[in-house]
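What follows draws every value from the coordinates through simple rules; no lab data is involved. Quick caveat: nothing in here was measured; it's all calculated off a predicted structure. Because the Cβ atoms are built from the backbone with ideal geometry, glycine has one as well, and the counts that use them run over all protein chains shown.
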Amino acid sequence: MSSCEQDGLNVKEENDSGFQRALSLLKVGNDEDALEEFLAVTRRTMHCPKSHLQVGMLFLNLESRKDPVAAIYHFQRFLLLENNSKEAPKVRQLIVTAEREIIRELPGEPYADYLDSLDLREQNNRLMREVADLKARLGLPLTERDIRDNEPPLPVRNSKVQQIKNEPSFVTPPLARTYVVQKGDSLYGISRKFYGDSSYIEQIFQANRNSLSSKDSLKLGQKLIIPAVSKP
């Protein structure tokens, strides 16, 4: 059984001489030899997430060795070892990218329309978020569709991954507080004001169901409960 034992001692991936050689080769642009060194590390070491990640990226981007199927395997090995790491969301997105590469290489492009629809859907969602954000800044009322399109997506499993969002960080209110509705306010804008993004419209609405008939029924001077939420 393959292991990371040498002379009876466990050797960390970072201390593996092959891993260090691979990093040096990457720095000088020798990607092909770096790939071979990283692959050697994955064959002799059980816990080597960084090597699996580098192998996956090289198989995905190195034209002379392009192999999206192999890339997915090594990305999945990384997730098996480091599923909760900060790199995990990016790696899941790389798996989606590799899957698209596989589809594009199929003879006759049978899924071309599907790929086009995915790209258009992503562009449309981004534009809808920008429009809703602009409306909130201008104090214009948001429609139900604006609010729905800006609600966070349902969690997905395996290789299906949420789009990585560059949302600003925020400080979660430690306790529920109140807020008086100002001119031009919307649940969308209030969510961004208190939490840093628009993902908490539903929580604010549910906390004020006794005074709100709908998500766009805010009244000037109305007092709202801003609920405490758990930071993701």
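N15 to V180: extension gain in nm, 0.36 nm per residue of separation minus the Cα-Cα distance?
Details: separation 165, 0.36 × 165 = 59.40 nm, distance 5.80 nm.
That pair, N15 and V180, stretches by 53.6 nm at full extension.
Would you kindly calculate the translational diffusion coefficient of the range 5-105, applying Stokes-Einstein with the Kirkwood radius from alpha carbon pairs, for 25 °C and a viscosity of 0.890 mPa s, and quote it in µm² s⁻¹ without decimals? Display every interim value, and only then the final one.
Numbers: Rh = 13.8 Å.
Approximately 177 µm²/s, per Stokes-Einstein.
Which peptide among 57-66, 187-196 comes first, and what is the full order, when sorted by highest mean count of other Cβ atoms within 10 Å? Could the numbers behind the result be given before it?
Details: 57-66: 15.9, 187-196: 21.1.
Final packing ranking: 187-196, 57-66.
Across all directions of projection, what mean area in square nanometres is found for the Cα convex hull of the range 177-226?
Values: hull surface 11.7 nm².
Averaged projected hull area, Cα only: 2.9 nm².
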